[in-house]
Amino acid sequence: MKNGIDVSALQGRINWSTAGVDFAMVKATQGRGETKATLGLRVFTDRRFRENVENASAAGIALGCYHYLTARTKDEALFEAEYFCRTIEPYRDRLKLWAAADVESPRWLGDLDREKITAVTETFLEQLSSSGWRPMLYTNPDFLKNRFTRGFDADIWLAHWNVEKPMEVPRLKIWQYGGGNMPGVGVCGLDIGYFGEYSVGDSYTIKRGDVYSNGLKVPERLIGRSCTIAQIREGRVLLGEINSWVKI
């Protein structure tokens with residue numbers, strides 16, 4: 001497991017050399033504003049994004065990024081996704097983890113029905129994938145159980161606070177387990193990462209929800225089978241016994 005944090009401009013200037021974490025998810029952009037100061041804005045970049053990416057990567061911290069989604073239609077979702085991708089593109093060599101959709105806005109998403117919010121989220125994630133990013137969905141148990149009509153072809157960053165372990169979710173890669181005060185950072189989201197833990201020769205047990213590198217689901221008949229990792233590449237492993245690449 002890896003220790004991580006998630007940050008935005010709310011943390012102010014961060015001393016990344018004292019943060020003491022393995023990875024960070026950095027806010028890049030937002031669709032619409034929600035506070036009095038930002039309510040009139042439409043797609044904007046977090047004012048600390050560039051600074052955080054440059055300083056955290058210089059400190060050797062693995063990085064991903066996220067967009068706070070406010071889109072209410074599929075067209076708006078595409079508009080926000082394209083803005084997000086344009087903003088993060090210059091930092092592709094430093095953003096080695098995920099590009100995530102933060103789907104939680106009560107102001108802009110609260111009154112959407114399940115079909116609409118699912119379609120909006122799916123459109124956004126598909127645009128990330130088609131732009132060459134590893135898509136991730138930041139969500140919580142309520143959204144997973146009550147707000148979406150189906151799953152997505154994306155890894156999961158689950159906000160599940162005040163529990164000993166997170167809800168079981170296929171493709172869970174990050175668990176945001178709470179908030180706390182970190183040295184050099186201040187109060188921020190605290191995360192555990194379930195990734196990058198494997199070496200060639202390790203045994204990997206295929207789990208329900210695993211997918212091949214082409215996005216197709218691993219068939220049910222292989223769930224629970226243990227295989228030897230023959231090769232490792234960014235975000236995937238080659239399982240020798242089935243001679244297939246599986247996303248991790």
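None of the figures in this text is laboratory data; all of them are computed from the coordinates on show. This is a predicted model, so every value here is computed, not measured. Cβ sites come from the backbone with ideal geometry, for glycine too, and all protein chains shown count toward neighbours.
Given the pairs Lys2/Lys36; Lys2/Lys247; Lys145/Lys247, which span a C-alpha to C-alpha distance of over 26 angstrom in this model?
As for pairs spanning more than 26 Å Cα to Cα, those are Lys2/Lys36.
What is the distance, in nm, between label points placed 7 Å from the Cα along the Cα-to-Cβ direction at Arg233 and at Arg86?
Each label point lies 7 Å from its Cα, and together they span 3.1 nm.
What percent of all Cα-Cα pairs in the chain falls into each 5 Å bin, going from 0 up to the bin containing the maximum distance?
1, 6, 13, 17, 19, 18, 13, 8, 3, 1, 0, 0
Please compute the length gained on full extension between Arg47 and Arg114, using 0.36 nm multiplied by the number of residues separating them and subtracting their Cα-Cα distance.
Computed gain between Arg47 and Arg114 is 20.9 nm.
I'd like the distance separating the alpha-carbon centroids of region 100-132 and region 138-171, in whole Å.
Distance between centres, Cα-based: 14 Å.
How large is the direction-averaged shadow of the alpha-carbon convex hull of region 203-247, in nm²? Don't skip to the end; give the middle numbers.
Numbers: hull surface 10.9 nm².
Seen from a random direction, the Cα hull of region 203-247 projects 2.7 nm² on average.
Simple spin-label model, 7 Å along Cα-to-Cβ: Glu168 to Asp202 in nm?
Spacing of the two 7 Å Cα→Cβ label points: 2.1 nm.
Taking the beta-carbon count within 10 Å as an exposure proxy, list Leu109, Leu10 from fewest neighbours to most.
Leu10, Leu109
Give me the number: length gained by fully extending Glu34 to Ser130, i.e. 0.36 nm times residue separation minus the C-alpha to C-alpha distance, one decimal in nm.
31.7 nm
Between Glu220 and Asp75, what is 0.36 nm times their sequence separation minus the Cα-Cα distance? Round to one decimal in nm.
Contour length minus the Cα-Cα distance gives 48.7 nm.
For the pair Ile242/Ala9, report the inter-label distance in nm, with labels modelled 7 Å from Cα in the Cβ direction.
About 4.5 nm separates the two model spin labels.
Can you give the calculated 222 nm mean residue ellipticity of the chain, where each DSSP H run of n ≥ 4 adds -39,500 (n - 2.57) and the sum is split over every residue, rounded to the nearest 500 deg cm²/dmol?
-5500 deg cm²/dmol
Check Glu104: other-chain or 5+ apart residues with amide H under 5 Å from its amide H, H built from backbone geometry?
Leu69
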